[in-house]
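Engineer: This is the structure I want to talk about, given as structure tokens.
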Amino acid sequence: MTFTTDSAQSRFPNSFNYGTQPTDAVTSAVAVFQSLSVDDQLAVLWYAYTEMGRSITPAATGVARLQLAEGLLNQIKQMSHDEQLQVMRDLAAQKNTQISRSYGILSNNTKLAFWYELSELMVKGFVVPMPPGYQLSRDGEKVLEAIKQLDFGQQITVLRKVVTEMGVDPLAD
Ligand code: 45D
């Protein structure tokens, strides 16, 4: 049987048009996000999660996919709050650590699922919580507002782009 574009599409009827919609809104949200301080990046991710949480179902993030990140998540779960925060800061800052390299080999969707799971672990009390009253910078507020204005598919595109850049790719040159 010939594998046409049409049949490929019907095999993935619910997949968004990822990657083929680098609209200005998406591109600029990503650019502003990446200009934020590391702490603001973590805070914006957290706020995005609290806004989107209900639309992301654990089923959608794929249990099988998360198994690939399970060792990493278990390692983080066992750390002190200070160490957990350091790990997340190192990921966002692309600092070359063992964890950043393990993260770097995950697929883009698994990276997204990894952050999603970290948020869930924060909610359950296994991972360091956001400090109450954290003051986001003006650019942080702006990018969060911009993300809220996007549709779900675009929001995912933005998030995927920013988490894809985090960590360190151990195979890169
Ligand atoms: O003390 O595979 C600060 C679908 C200040 C389906 C801090 C999907 C100082 C296919 C740094 C703020 C597309 C649905 C402390 C996947 C200080 C598929 C701490 C999508 C303590 C995967 C800050 C999934 C901290 C999606 C601890 C859309 C911040 C997933 C922590 C989205 C922030 C996941 C964290 C998101 C944010 C996760 C852990 C948005 C995580 C966000």
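Engineer: Out of (1) over 14 Å from the mean Cα position of the chain (by Cα); (2) at pLDDT 95 or above; (3) more than 23 Å from Asp169 (Cα to Cα), the odd one out for Thr57 is which?
Structural biologist: So Thr57 meets the others, but not (2).
Engineer: Now a separate question. When the residues of the stretch 104-121 are filtered to those that are of a type in the set (A, V, I, L, M) and part of a helix (DSSP H, G or I), which remaining residue is surrounded by the fewest Cβ atoms within 10 Å (Cβ to Cβ)?
Structural biologist: Ranking the candidates gives Leu121 first.
Engineer: Among the residues of the stretch 109-156, which ones are under 10 Å from the mean Cα position of the chain (by Cα) and more than 21 Å from Arg89 (Cβ to Cβ)?
Structural biologist: Residues satisfying the conditions are Asn109, Ile156.
Engineer: Right, here's the next one. With the structure loaded, tell me whether Gly153 is among the small types (Gly, Ala, Ser), more than 9 Å from the ligand (Cβ to nearest atom) and either closer than 20 Å to Thr57 by Cα or in contact with a helix residue (DSSP H, G or I) (Cβ under 9 Å, 6 or more places away or on another chain) (or both) or whether it fails that test.
Structural biologist: Numbers: among the small types (Gly, Ala, Ser): yes; more than 9 Å from the ligand (Cβ to nearest atom): no; either closer than 20 Å to Thr57 by Cα or in contact with a helix residue (DSSP H, G or I) (Cβ under 9 Å, 6 or more places away or on another chain) (or both): yes.
No.
Engineer: Quick check on Lys142: is it out of contact with any Lys or Arg (no Cβ under 9 Å at 6 or more places or on another chain) and modelled with pLDDT under 95?
Structural biologist: So Lys142 fails the test.
Engineer: For residues that are near the ligand (Cβ under 8 Å from one of its atoms) and either touching a Leu at 6+ places or on another chain (Cβ under 6 Å) or assigned to a helix (DSSP H, G or I) (or both), tally how many sit in the stretch 122-133.
Structural biologist: Going through the stretch 122-133 one residue at a time, the tally reaches 3.
Engineer: What's the number of the condition Glu165 fails, among (1) within 14 Å of the ligand (Cβ to nearest atom); (2) closer than 24 Å to Ala60 by Cβ; (3) among the charged types (D, E, K, R)?
Structural biologist: Only one criterion in (1) within 14 Å of the ligand (Cβ to nearest atom); (2) closer than 24 Å to Ala60 by Cβ; (3) among the charged types (D, E, K, R) is unmet by Glu165, namely (1).
The values are calculated or read from the model by the stated rules, or taken from the named source; none is laboratory data. Predicted, not measured: the structure shown is a model, and the values here were computed from it. All Cβ positions, glycine included, derive from the backbone under ideal geometry; neighbour counts span all protein chains shown.
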